[in-house]
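Encoded as structure tokens, the structure appears first; notes follow it.
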Amino acid sequence: MKKYSKTITLILIIIILSCFSLSVNAITIVYSDFTVSAGGYAYSSTSSMTTADRTTCYMRLRWCKFSNYPENTIPSSYYINSRLYRGSLQATSVAHFSQPTSVGNYNYSYIQNNNNFGGANQYYLLKTNSNLDIAYQAKIDWCADPYP
């Protein structure tokens, strides 16, 4: 009986420990699709949260299509602009994309002021617009944390 009680105790300890989840600072990239009207802007429908105190975030233009232009073509001197917002406040510098970018280290700085942007466990949305006054679609990969 003593042998069984040790086994049962061990099983209970394993069950109890498995009920506790360990906090892992896994960075999750958000894949957002946007449709933006001429002269307009759009916010992401999904938010991203910082997993620790951060000074940078990640933004990458994966794909775009402007009306009357071939896919992935942004005319010279025009950009797709992206930045993170917390509430109604712009939280990061603006990423100016003149063409799609490959996967990689596209990190942009949080604005350093009294709003504590980039602090741990803060939620952000991505906002995008263009200085080319025609409708476009874009796929932007982003994260409130820097590129892993």
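When Thr46, Thr35 are compared by accessible surface with a 1.4 Å probe, the order from highest to lowest is Thr35, Thr46. Across the protein chains, with a 1.4 Å probe defining accessible surface, the residues Tyr124, Tyr106 rank Tyr106, Tyr124 from largest area downward.
Could you check how much of the accessible area of segment 25-70 is carbon and sulfur, as a whole percent, using a 1.4 Å probe? Summing carbon and sulfur atoms, their accessible area is 48 percent of the total for segment 25-70.
With a Förster radius of 35 Å applied to the C-beta separation of Thr28 and Ser98, the computed FRET efficiency comes to 0.80. Each residue of segment 69-76 is assigned a 3J(HN,Hα), and the resulting list reads 10, x, 3, 6, 10, 10, x, 3 Hz, derived from the Karplus form 6.51 cos²θ - 1.76 cosθ + 1.60 (θ = phi - 60°), x at Gly and Pro.
The spacing between segment 28-102 and segment 105-136, judged by their C-alpha centroids, is 8 Å.
The values are calculated or read from the model by the stated rules, or taken from the named source; none is laboratory data. All values reported here derive from a predicted model rather than from experimental measurement. Reconstructed Cβ throughout: ideal geometry from the backbone, glycine too, with neighbour counts over all protein chains shown. With ligands, DNA and RNA removed, areas are computed over all heavy atoms of the protein, side chains included. Shrake-Rupley method; radii C 1.70, N 1.55, O 1.52, S 1.80 Å.
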